[in-house]
1. Name the pairs whose Cβ atoms lie under 9 Å apart, with the first residue in region 489-509 and over 29 Å from LEU471 (Cβ atoms), the second open to solvent by 60 Å² or more (accessible area, probe 1.4 Å) and in a loop (DSSP other than H, G, I, E, B), and 6 or more positions between them or separate chains?
2. Cβ-Cβ distance below 6 Å, separation of 6 or more or different chains: which pairs start in region 364-379 with a residue that is farther than 17 Å from CYS28 by Cβ and end on one that is among the small types (Gly, Ala, Ser)?
3. Within the bounds of region 302-312, is there any residue that is within 24 Å of LEU165 (Cα to Cα) and modelled with pLDDT under 95?
4. Considering region 320-350 alone, what residues qualify as being within 29 Å of the chain's Cα centre (by Cα) and open to solvent by less than 40 Å² (accessible area, probe 1.4 Å)?
5. Identify, from the list ALA425, ALA406, the residue that is surrounded by fewer than 20 Cβ atoms within 10 Å (Cβ to Cβ) and not hydroxyl-bearing (Ser, Thr, Tyr).
6. Of ILE65, ILE110, ILE91, which residue is outside any helix (DSSP H, G or I), open to solvent by less than 20 Å² (accessible area, probe 1.4 Å), among the hydrophobic types (A, V, I, L, M, F, W, C) and at pLDDT 90 or above?
7. Starting from region 302-318, take each residue that is open to solvent by 20 Å² or more (accessible area, probe 1.4 Å) and list its partners that are assigned to a helix (DSSP H, G or I), counting only C-beta distances under 6 angstrom and pairs at least six apart or across chains.
8. Which numbered condition trips up PHE184, out of (1) under 32 Å from the mean Cα position of the chain (by Cα); (2) open to solvent by less than 50 Å² (accessible area, probe 1.4 Å); (3) hydrophobic (A, V, I, L, M, F, W, C)?
Amino acid sequence: MPTVSVKRDLLFQALGRTYTDEEFDELCFEFGLELDEITSEKDIISKEKGEEKAKGASDVILYKIDVPANRYDLLCLEGLVRGLQVFKERINLPRYEKIIPAEGEGQRLIITEQTAQIRPHAVAAVIRNITFTKDRYDSFIDLQEKLHQNICRKRALVAIGTHDLDTISGPFTFTAKAPSEIKFKPLNQSKEYTASQIMDLYRTDSHLRHYLHLIENKPRYPVIYDSNGVVLSMPPIINGDHTKISLNTRNVFIECTGTDITKAKIVLDIIVTMFSEYCEKPFTVEAAEVVYPNGKTHIYPELAYRTEKVKPEYINKKIGIRETPSSLAKLLTRMCLKSHVTGNGNHIEVEIPPTRADIIHACDIVEDAAIAYGYNNIQMVIPKTYTIANQLPLNKLAELLRLDLAAAGFTEALTFALCSQEDIADKLGMDISATNAVHIANPKTAEFQVARTTLLPGLLKTIAANRKMPLPLKLFELSDIVVKDPNTDVGARNYRHLCAIYYNKSPGFEIIHGLLDRVMQLLEVPPNEENGYTIKAAEGTAFFPGRCAEVFAKGQSIGKLGVVHPDVITKFELTMPCSALEINIEPFV
């Protein structure tokens, strides 16, 4: 959940009254938020960098408030205050208005076809006659950063640019050029740089270096110019210094470029609705025209209102309450969803404002009604159906085995269900195609590319991280592995595996073999071929030749045990021999 830091006194001033910390905490809870921490800038610096660094820092009390990740309208003081005031019925929800300038007088943003392979989408708007103060300006910048980290996915989907409109002249052109052809003075810099030099300049910057990878390997970089060739920005990296916004700025040109047009429209709507409050004519936004490479045009921001119809009985049933339709409509209105009863009272018409992009389905409306009603006010009742809960047999078996494995002297480990392709293939001497692994479509890191097909790599990595512990190291894990299965509706299947490993100066194969015998004894599976278990010599890429056996039980192969191959040990950065056992326990349920 994103955390919004607001100055307590500024917040109370905007709310028109003061609260004790306990009262405000309760108000946040009622509204579906959480007051996470009460601190100050001085306290934060003191904790992070020490008291010496904190000298001279502000003592102003800050409230850190946890906001739901999809409530983009609550990521700044303005939206937070507006939401709380409407919730407490002190103000009515404002109506956001889009003003279309006379023909030839509005701003235009022209997108060229060169942007198609990099950041093909752009939207724009103008906030006219706005009045900034220091606190408003700080909030304006902070909202952009919060949006960048949240819905914009660290600028990968959308990058926001805000510019002093009085320093530039339209129409504006969004294009892409070779890095050597782009030259301008970046924000807060004293001289001009080429795009390549800018990338080098910010390679060590603690903030901007995280965004360089988005375009640095592209043959062309996106850039926005005005009609005089002045660079507004090079999204998603940096704005130009020429268009820098200050406290004296009166007219702001906002452009959002990205790879996702839906997210770009949401981001633009949020920025203009939050800060049009400070315009000479509050809650009005001047529209801008965007011209696409194919010649089509579109007016932004959309500021679209839409209506949804919900049945009162549906809301009551889902929440477990008995409220009248008019009472439910009032609850929804308090959550910034203007509502009224229609027909014979069998429907509630809900108007979704442009600030509430999180309202997608009827269940989202139900959730807001529940928040406004108060979760603590919902009466607890005995369910109409009488059932006795019971543990899944597989989970019960796993829990019983865990206790006995621990009693056998093995320590339980819990490793990640996702791992790298290298862990389950290369390091174990296998080809990735032979693992039947489920691949993650958009892995966040190289460490989490596939779902594990075996528990062994996780335990070997755990031992590698604990090499300084006294020997022997005896670990086990009882968890799920995942493999592709075209016969299931999701195309994959989970299997519950038991893996144990013994790491010492000698391989200790007899200890792992003894553990298998103990597990089979607990499962009441005798050591015979007819109705019990047997082990037969086998080969496995992860095991030493001639020191590997396959385990058979219930008429099927359930796993392997043996001495781990020296190459595998080396690849996992271990220096001593070890033995391992891995079996599927599902046949014993």
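The values are calculated or read from the model by the stated rules, or taken from the named source; none is laboratory data. Owing to the predicted nature of the structure, the values given are computational and were not obtained by experimental measurement. Every residue, glycine as well, gets a Cβ built from its backbone with ideal geometry; the counts of neighbours run over all protein chains shown. The protein model used for the area step is the full one, side chains on, heavy atoms only, and it has no ligands, DNA or RNA in it. Shrake-Rupley method; radii C 1.70, N 1.55, O 1.52, S 1.80 Å.
1. As it stands, the answer is ARG493/ASN487; ARG496/VAL589, since those pairs meet every condition given.
2. Here the result reads ILE378/GLY320, each pair linking region 364-379 to a residue that is among the small types (Gly, Ala, Ser).
3. yes
4. Scanning region 320-350 gives LEU332, MET335, CYS336, LEU337, VAL350.
5. Selected residue: ALA406, the only one of ALA425, ALA406 that is surrounded by fewer than 20 Cβ atoms within 10 Å (Cβ to Cβ) and not hydroxyl-bearing (Ser, Thr, Tyr).
6. ILE65
7. GLU302/LYS265; LYS318/VAL366
8. Evaluating PHE184 over (1) under 32 Å from the mean Cα position of the chain (by Cα); (2) open to solvent by less than 50 Å² (accessible area, probe 1.4 Å); (3) hydrophobic (A, V, I, L, M, F, W, C) leaves (1) as the failure.
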